[in-house]
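Worksheet: the structure to be examined is printed underneath.
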Amino acid sequence: MDSKNNSEDGLEKYFAGEIIWKNFVKEYKGIKTNNTKELLNLLNHNIELTNVIEGIVGENSISWIHRNIPALNNLRPIDCTNNEKLLKRLKECLLRMP
């Protein structure tokens, strides 16, 4: 990951906050696809992220998390899950998608 992708020049500086995120997550609670188990494992057992991604992306969720996403400064969603700042970037991206 280069310094541009890791710097605070992405959506994370616009993150709406955890209260907005938690309310957003409620809209997708319990969503399941054929990929739910695998996606849950790939996303470090983060059920909120899994439900939201499946709710928005659907059956293409596995391939989507492995794609470079321009709104994430060309990071892959899966690359954002182990870094708090990048996780905020991913959450804000998802908040803007529906």
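Only the coordinates and a few stated rules stand behind these numbers; no lab work does. Keep in mind that this is a model prediction, so the values were computed, not measured. As a convention, Cβ positions derive from the backbone with ideal geometry for all residues, glycine included, and neighbour counts pool all protein chains shown.
Loop-located trypsin sites (Lys or Arg not before Pro) in the stretch 13-98 (DSSP state not H, G, I, E or B) with no more than 16 neighbouring Cβ atoms inside 10 Å: Lys29, Lys32, Arg67. Straight Cα distances below 20 angstrom link Lys13 to the aspartates and glutamates Asp2, Asp79, Glu84, Glu92, with same-chain residues fewer than 8 positions distant left out. Partners of Lys29 within straight-line reach, counting lysines whose Cα lies under 18 Å from its Cα and excluding those fewer than 8 residues away in the same chain: Lys37, Lys91.
The amide H of Asn74, built 1.01 Å from its N in the peptide plane, has Ile69 as neighbours under 5 Å, considering only residues 5 or more places off or on other chains. With θ taken as phi - 60° and the Karplus curve 6.51 cos²θ - 1.76 cosθ + 1.60 applied, the whole-hertz 3J(HN,Hα) list for the stretch 54-60 is 5, x, 8, 8, x, 5, 8 Hz, x standing for glycine and proline.
The HN-Hα couplings worked out from phi for the stretch 65-70 by the Karplus form 6.51 cos²θ - 1.76 cosθ + 1.60 (θ = phi - 60°) are 5, 9, 9, 6, 10, x Hz, whole numbers, x standing for Gly and Pro. From the alpha carbon centroid of the stretch 82-97 to that of the stretch 32-56 is 15 Å.
Its Cα centre serving as origin, the chain has a Cβ charge dipole (Lys and Arg +1, Asp and Glu -1) of approximately 140 debye.
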